[in-house]
Amino acid sequence: MTAPNFFKKITLLLVFARLTFCVLAQEYPKAILRGDYPDPSIMRDGDDFYMTHSPFTYSPGFLIWHSKDLFNWKPITRAMPDLVGSAMAPDLLKHNGKYYIYFPASGTNWVIWANDIRGPWSKPIDLKVPFIDPSHAVGEDGKRYLFVNEGRMAPLATDGLSVTDTLKEVYKGWEYPKSWITECKCLESPKILKKGSYFYMVTAEGGTAGPATSHMVIVARSKSIQGPWENSPYNPIVHTYSSDEKWWSKGHGTLIDDVKGNWWIVYHAYENGYHTLGRQTLIEPIEWTTDGWFKTAKGKIYSGTKEKVLSSGFTLSDNFNKKTLGLQWMAWKGYDSNAIELKNSSLYLKAKGISPADAQLLLTTAPDTSYETQVEVTLKGGSTGGLILFYNEKAFAGIASDGKNFIVYENAGKKSNKASRFGERFYLKIVNKRNRCDMLASKDGKSWIALQSDLDVSGLNHNKYGGFFALRPGFISAGKGEVILDNFKYAIR
């Protein structure tokens, strides 16, 4: 081989190697649950993985997911039918054969428990402990402890259903560079892991939204659950460094191992440009260092894992032919089972209120940046019904009809009426193309008329309206009587 050809071949090999490394490096983080699945709490029970998230004011709350491989997830139950306030940042675990979910709401912390993860789950028990983001741990003494934000800890009773002493501060956090742009220090979401002779406390700092670079995951370790806690030299473990990155405000992490000995970190983040979707659940591989710490394993692809990621954990479309409401559905600020009836392959939704701000709502979680929803609507008894994209009472967009007019909501403060020729039975469709929405109506579900085109809904998100919610598609039933809904269709665009 001549010298020029030799060097040419070496150059091509180096280019190929660099491209291969870049492709591998871009494999993670990987979204394992797209859409609004924030504050993930994940546990392994043998070769089964379970995970739940913050329900906030959506109910029934605490949708529990199951997986065999960490990448493909299916919902199995909702653990808490009734709200006790805006519930967030749960800790799902198994201890001595029982399952527990610790969570904060209404200025205190609560726990529910079950003998079977599929339920039934207990009613919420008030621990009478302030602060947020509770986490269960077992110390070197075999006793149970409850950690909360701001580095505080209290001992738990043997059954885990009460605390036996007041909270005390055991950890002050990690000092990140003062030049970093964050919301606040906000030391929160403690998760305790025991490996070898060390306890590892995985926490978050920087605030959970706002600037792209706000959130982060850090870790400290100690040989005693009581401390002192030593900060990792590899902090932050996960962080968004630039608004050019795909994922913003990465944080609230939990470490998990699989049956093959691989380690992972699961956390949440906003997708750049799509805050309307809420915080999505991501995963990255972890590697342990020779000095007993861990960091993300950039570019590493583990063997023996099935890494196909579903766009959603379940089908959102619904023909309402089951006896019970599908797990994809949730109510806003209280689930009234008397307002919902399934019969004759239809959903009957009792009406209340006068607008989406106070109407009967039934919502689902959109996992895609572009999608369309469609439903057949029949009005009964003086009702007004339709399709909605709902963030909260002050932020929504959609279309509804009272049989005489179509009401087009561009936002909570702006609506318009357009005469309807379709009467009390009609079809509605919302097409959301990367936060630009078209709203359409039809008499037969075949020929459509546009009621609103290219409506920008990108501003309907937490950074403008607070609350940590997402822009959820669903149904509105207002006025009197009830709205009958048939053949809900959700499709990726």
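Summary table below
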item	result
Rounded FRET efficiency, nearest 0.05, which uses the C-beta distance separating Cys184 from Glu287 and R0 of 35 Å	0.70
Sites Asp45 and Arg421 - FRET efficiency at Förster radius 60 Å, r taken between beta-carbons, to 0.05	0.60
27 Å Cα-Cα reach of Lys172 towards lysines, excluding residues that sit fewer than 8 places from it in its own chain	Lys128, Lys143, Lys185, Lys191, Lys194, Lys195, Lys223, Lys250, Lys295
Distance histogram in 20 Å bins (all Cα pairs of the chain, percent per bin)	23, 51, 23, 4, 0
Residue-wise HN-Hα coupling along segment 183-191, computed from phi with Karplus coefficients 6.51, -1.76, 1.60 (Hz; x: Gly, Pro)	7, 5, 5, 6, 5, 7, 6, x, 10
For the chain, calculated [θ]222 nm from helices alone, where every DSSP H run of n ≥ 4 adds -39500 (n - 2.57)	-2000 deg cm²/dmol
Potential extension, Arg118-Thr158 segment - 0.36 nm per residue separation minus Cα distance	12.1 nm
Dipole of the chain [Lys/Arg +1, Asp/Glu -1 at C-beta], most positive-end residue of Gln328, Ala157, Ala209	Gln328
Relative contact order of segment 407-489, defined on C-alpha pairs under 8 angstrom at six or more residues apart (%)	17
Sorted by Cβ neighbour density within 10 Å, fewest at the top, the residues Ser345, Ser458, Ser242	Ser242, Ser345, Ser458
Chain lengthening between Lys446 and Thr166 when straightened (0.36 nm per residue, less Cα-Cα)	94.4 nm
Reciprocal mean inverse distance between Cα atoms of segment 344-493 - Kirkwood radius, Å	15.0
Inter-part distance where segment 44-123 and segment 423-460 are each reduced to a Cα centre, Å	35
Exposure proxy ranking, count of Cβ atoms within 10 Å, fewest first, for Arg34, Arg493	Arg493, Arg34
Label-zone membership for segment 189-204, site Asn231, 7 angstrom Cα→C-beta point, backbone N under 16 Å	201-204
Vicinal HN-Hα couplings computed from phi for segment 80-88 (Karplus, 6.51 cos²θ - 1.76 cosθ + 1.60; Hz; Gly/Pro x)	10, x, 10, 6, 10, x, 7, 8, 8
Difference of contour (0.36 nm per residue) and Cα-Cα distance, Asn321 to Ser224	29.5 nm
Per-residue HN-Hα couplings for segment 142-156 [Karplus 6.51, -1.76, 1.60; θ = phi - 60°; Hz; x = Gly/Pro]	x, 8, 9, 9, 10, 9, 10, 5, 6, x, 9, 8, 9, x, 9
Cut-off under 5 Å, modelled amide H: who pairs with Ser370 long-range	Arg434, Arg493
Distant-in-sequence amide H partners of Leu156 (H built 1.01 Å from N, under 5 Å)	Arg144, Tyr145, Leu146, Thr164
Fewest-first ranking of Thr290, Thr276, using other Cβ atoms within 10 Å as the exposure measure	Thr290, Thr276
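All of the numbers you see were taken from the coordinates with simple rules; none came from a lab. Here the structure is a predicted model, which means the values were calculated and not measured. Counting neighbours? That spans all protein chains shown, and the Cβs are built from the backbone with ideal geometry, glycine included.
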